[in-house]
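Enquirer: Below is the structure I would like to discuss, written out as structure tokens.
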Amino acid sequence: FTIPLAELLKRHGLYMAHAAGLSLDGQGLLLAGASGAGKTTLTIALLRAGFGFLGDDTLFLCARAQGLRALAFPDQIDVTPHTASFFPELQALARAPLPGSRPKQSLSPTRVYSAVPSWECAPAVLVFPQVPRASKSLLTPMPKDAAFLELVCNVVRTEADSAQAHLDTLAALVNQCLCLRLLTGRDFDAVPALLRSALNQVHPAQSV
């Protein structure tokens, strides 16, 4: 369903990004990366700290008069028992039998964390997480060309004009955002402050 939906919306100027999205004071924080990069774990850590919620896996980007915007695609968060085990309030979920053959449990962010939906915001910080199995998280600058290359896999090349428009939108996202690499440790209570500090130091971006 996701690919046909993304292809249809491209024709209407909405371009998919495989990323989690959160917001704080109107600024968007996007967590981009492949499955297994730790987006869901970070999303939960940030929801616990009061960030607004756009989605934990898929967002859409569009051009507005005020600039590029990220649009929410909220849904239940799919959580593995391993991820749930990191958070005290999810211990029951971590121990619950998995539903059928699915390897994850569904979590409602509005019910568990009273998360406030953030339907639209201006992307400000773009973070690419990795899981280094370290104890302490480390946030480092990321070159914009490297960030753009990691996003290219979001584009399905079914039709030349819409594919180029999708690439141009991703380039605009990179240009607009502070791009960072996050080596995620197990200090999940400290990560929100680390990412808040990134939002606080956003500066005008250089073009790709």
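Enquirer: What percent do you get for the relative contact order of the chain when only Cα pairs under 8 Å and 6+ apart count? Don't skip to the answer; put the middle values down first.
Expert: Details: 385 pairs, mean separation 48.6, N = 208.
Reported as a whole number, the value is 23 percent.
Enquirer: Now for a different question. Can you send over the carbon and sulfur percentage of the accessible area for the stretch 82-182, probe radius 1.4 Å, protein chains only?
Expert: On the way: 3150 of 5400 Å².
Within the stretch 82-182, the accessible surface is 58 percent carbon and sulfur.
Enquirer: Let me ask something else. Suppose every Lys and Arg Cβ carries +1 and every Asp and Glu Cβ carries -1, with no other charges. What dipole size does the chain come out with about its Cα centre, to the nearest 20 debye? Intermediate results must be reported in sequence, preceding the final value.
Expert: Working: 17 positive and 15 negative charges, 81 e Å.
Roughly 380 debye, rounded to the nearest 20.
Enquirer: Once amide H atoms are built 1.01 Å from N in the peptide plane, which residues 5 or more positions from residue 121, or in another chain, come under 5 Å H to H?
Expert: 70
Enquirer: Would you kindly compute the Cα radius of gyration of the stretch 93-205 and its largest Cα-Cα separation (Dmax), both in Å?
Expert: 17.6, 48
Enquirer: Tell me which residues come under 5 Å, amide H to amide H, from residue 185 once H is placed; ignore anything under 5 positions away on its chain.
Expert: For residue 185, whose amide H was placed from the backbone, the distant partners under 5 Å are 137, 138.
Enquirer: When DSSP beta bridges are limited to those with both residues in the chain, what percentage is antiparallel, rounded to the nearest 5? The partial results should precede the final answer.
Expert: Numbers: 26 of 38 bridges.
Expressed as a percentage, antiparallel bridges in the chain total about 70.
Enquirer: Also, I was wondering about something else. Show me, for the stretch 99-109, the HN-Hα J-couplings you get by feeding each phi into the Karplus relation (A = 6.51, B = -1.76, C = 1.60, θ = phi - 60°), rounded to Hz, glycine and proline as x.
Expert: Rounded to whole hertz, the list is x, x, 8, 6, x, 9, 9, 8, 10, 8, x.
Enquirer: What percent of all Cα-Cα pairs in the stretch 1-98 falls into each 10 Å bin, going from 0 up to the bin containing the maximum distance?
Expert: 15, 42, 30, 11, 2
Enquirer: Which ³J(HN,Hα) values, rounded to whole Hz and listed in residue order, are derived for the stretch 164-178 from phi using the Karplus coefficients 6.51, -1.76 and 1.60 in 6.51 cos²θ - 1.76 cosθ + 1.60 with θ = phi - 60°, glycine and proline given as x?
Expert: Calculated HN-Hα couplings, in order: 5, 4, 5, 4, 4, 5, 5, 5, 5, 4, 4, 5, 7, 9, 7 Hz.
Enquirer: If you don't mind, there's one more thing I want to ask. Name the most mobile residue of 43, 110, 58, meaning the one with the largest mean-square fluctuation, in a Gaussian network model of the chain with Cα contacts below 10 Å.
Expert: Maximum fluctuation in the GNM of the chain, among the listed residues, is at 110.
Enquirer: Right, another one. Could you give the C-alpha radius of gyration of the chain expressed as a fraction of 2.2 N^0.38 Å, taking N as the number of residues it contains? Can you show the working numbers first?
Expert: On the way: Rg = 16.6 Å, N = 208, 2.2 N^0.38 = 16.7 Å.
In units of the globular-protein estimate, the chain measures up at 1.00.
Enquirer: Next question. When the chain is treated as a GNM, springs tying every alpha-carbon pair under 10 Å, which of 98, 54, 167 comes out with the largest mean-square fluctuation?
Expert: Per the Cα network of the chain with a 10 Å cutoff, 98 tops the list.
Enquirer: How many Å² of accessible area per residue for the stretch 1-91, probe 1.4 Å?
Expert: Details: 3670 Å² over 91 residues.
Per-residue accessible area for the stretch 1-91 comes out at 40 Å².
Enquirer: Sticking with this structure for a sec: Per residue of the chain, what 222 nm ellipticity follows from adding -39500 (n - 2.57) for every DSSP H run with n ≥ 4, rounded to the nearest 500? Working shown, then result.
Expert: Details: 8 runs with 68 residues, N = 208.
Here the helix-only value at 222 nm equals -9000 deg cm²/dmol.
Enquirer: Further question: May I ask you to evaluate 6.51 cos²θ - 1.76 cosθ + 1.60, the Karplus curve with θ = phi - 60°, for each residue of the stretch 59-69 and list the ³J(HN,Hα) values in order in whole Hz, giving x for glycine and proline?
Expert: 9, 10, 10, 8, 8, 10, 4, 8, x, 5, 10
The values are calculated or read from the model by the stated rules, or taken from the named source; none is laboratory data. These figures come from a predicted structure and were not determined experimentally. Every residue, glycine as well, gets a Cβ built from its backbone with ideal geometry; the counts of neighbours run over all protein chains shown. Keep in mind that these areas ignore ligands, DNA and RNA; they rest on the heavy atoms of the full protein, side chains included. Shrake-Rupley method; radii C 1.70, N 1.55, O 1.52, S 1.80 Å.
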